[in-house]
Amino acid sequence: MTATSGVSNGRILLALIEDTFQEARARWLFWGLFALSTLLVLLFLFVLKIDLVEGAVSLFGIESTTRTVDIHRFVITSYSWVSVVLYIWGTFLAIFASSGLIPSVLEPGRISLLLSKPVSRPILLLGRYLGNLAIVGANHVYLICSIWLVIGIKTGIWEGRFLLAIATSLFIFAVLLCVVVLVGVISESAALSVMVPVALMLISTILGQRQIVVRLLSSEWSRELWQAFYWIVPKVYDLAGAMRQMIVYDREVDWFTPVWTSAVFGVAALSAALYIFKRRDF
Amino acid sequence: MRDFVLCWRGCPALCIGGITCGLTQAKAAANDDKDQAFSIAHVELQRGNIALAKEQIVWGDVSLEYMGTEYALEAESLCKVYRSRWRGREIAAVSNLTLHVPEGVKFGLLGPNGAGKTTFVKMLLSAVIPTSGTARIFGRDASLPEARLPVGYLPENHRFPTYLSGAGMLNFYGALSGLSQSERQARIPELLKLVGLENWGDVRIKKYSKGMLQRLGLAQALIHRPRLLILDEPTDGVDPVGRRDIRDILNRLTGTGVTVFINSHLLSEVESFCDYVAIVNRGELALQGEVSSLVAGQGYAITASRVPESATATLQAWSSVIQNAGSGHFELRVATLEAANEAIDVIRQAGGLVESVKSESSSLEDVFIQATRREQAA
């Protein structure tokens, strides 16, 4: 039993992910996240009544329309609504819930004990990152799959492309979580760890209007500056648009550009966080 | 290659295949004859003739001891300089600190608050990155994660995750220390029993008292049966009963071959528990040695009154401690009987009155105060 051999990184990562889950369980914010998801699922399960024969849809027992609705169209609209809500509000809430998990592990007395273990610093931070991602991923899978099942059972319409919302929302959260980790490592402040990624979400939305803005800008350099910022910042707005196009209209969209540029941003932020964490004194 | 420790007044220093850093220190106290003997011993060590070298190198305070194959801890010229971000001001927390802790001993690191003890310990564990110098744990570079595998650590002002139960915490740190699930399942009840928390394993840590937290922290440090236990102020803030419990647990480790390294400012505890001590002051090593040797030095306490100022300077030259209680009243300590007689002569010639002369042995507290004052004076 004496520790003489090396410690497997896989075992350590699993222990760190499990620990992040346990800490998240002790935080009300994470329960809130799952409670909101459950509320949304219950809304579709009990409150929304769909009459397949008459083509009528009612909410809280009150028919929303007197005329017959296209059930397929209704399902797709529901998918669109849920995926956008998850993408924007789900990501925002997930960032809010995750913001404290990095600074908490950097508390003096806690970090020094963790660093005394035969664990490399990058593994320590990656374990925390992956644990966070796993929690939010579990919430996204739970919400989207539950709604997909409820709507599928109620209507018999099984559109697999709705599940794309899990991947898209989780991807953009993974990118923004890299920023949470970076800000957390630098500042050890939970508040700042929320503010910076949320600001990035807003900036991305503004930068995403580049077709309009570029026409309004008078000088060449300001247009180029705008374009440069557009390429650097993660494409939160563009990915939301691509996801909606795919889910609602089943159109071929350019996923590649927003995905790789956002991924590069995330990798750069996480690498910077790992570099700073590796060189810091605790 | 075998490692040896050259002991001078119990002060361990590293000698590998020849006399290295310890020799300089030992030579400083040796007379000319000893110097010659050291040279012979050096040659014999280089030839590998350990028996002959040992014969040459044993006199009085100086001896050569075989200390096993390796040191538990080795710090070579460790420095840590903090720079303020904006002004660029530099503060040396630890300066050129060289320390060797032989395997299997109980070693105490002492020093006043802010002396750099915790920074030093953190450098050993790579929580603080040294500005210069090297640290090794059982011969391995301390900056490598695998070097920390045989180390159990209890930090000062620890913050254990309050969302975990006692058993859950041991399970988590056990996993990080490299134990498998089955090993942890077997070890956790054993440890909870050892630290007297067998009925508290399933209770959340936030309900634990300070003493219970310290005992749990000790269990956490012991979970993977470490060869080196580093304890940073293990009894800080713990009541006397809790302190005794911790001491009892540590005493059970005696004879198991575990090296215990305690960083503390509680001198009485270190004196009663440790074999070796090092005193750090202002980031520098002020003194190190075997506790029994350091406290064994007999001394004499002389109390005198009406001592004129003119005699004070002369007395200060010999005596290790002088306390001026006001109005010419003195209490001074000297190391030898000869010095005591000379001091009495000076006092009487200056017109002072000797009130009492007492023979006494020094405590670790006296040694500590002397060492830190000497450093400050320097």
Computed E for A:Ile212/A:Thr77 - FRET, C-beta separation, R0 35 angstrom, nearest 0.05: 0.85
Over the stretch B:73-167 - Rg/Rh using Cα atoms and the Kirkwood inverse-distance radius: 1.01
Nearest-ten-degree value, helix A:256-279 long axis tilted from longest Cα axis of chain A: 30
DSSP-assigned coil residues among trypsin sites (Lys or Arg not before Pro) in the stretch B:186-264, each with at most 13 further Cβ atoms within 10 Å: B:Arg252
On Cα atoms only, tilt of A:190-207 relative to the major axis of chain A in degrees: 50
Per DSSP, loop GluC sites (Glu not before Pro) in the stretch B:68-131 with at most 10 further Cβ within 10 Å: none
For B:His224, A:His72, B:His158, order by how many other beta-carbon atoms lie within 10 Å, fewest first: A:His72, B:His158, B:His224
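Please give the per residue volume of the convex hull enclosing the alpha carbon atoms of the stretch B:71-293, rounded to a whole number of Å³. The partial results should precede the final answer.
Values: hull volume 28.8 nm³, N = 223.
Convex hull of Cα atoms, per residue: 129 Å³.
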Whole-angstrom gap from the stretch B:108-174 to the stretch B:241-286, using each part's C-alpha centre: 16
A:Ala228-B:Ala335 pseudo-label distance in nm [points 7 Å out on the Cα-to-Cβ vector]: 7.0
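Apply 1/(1 + (r/R0)^6) to the Cβ-Cβ distance of B:Ser180 and B:His265, taking R0 = 35 Å, and write down the FRET efficiency to the nearest 0.05.
Computed FRET efficiency for B:Ser180 and B:His265: 0.35.
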Overall Cα dimensions of chain A, principal axis frame, Å, largest first: 71, 61, 30
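Within 10 Å of each Cβ in B:222-230, how many Cβ atoms from other chains are there, averaged over the peptide?
Partner Cβ neighbours, averaged per residue: 2.
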Volume of the Cα convex hull of the stretch A:95-157, divided per residue and given in Å³: 98
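Read the figures in this text as sums done on the coordinates, not as results from a lab. Note that the coordinates shown come from a computational prediction; the quantities given were computed from them, not determined experimentally. Cβ atoms come from the backbone with ideal geometry, glycine included; neighbour counts cover every protein chain shown.
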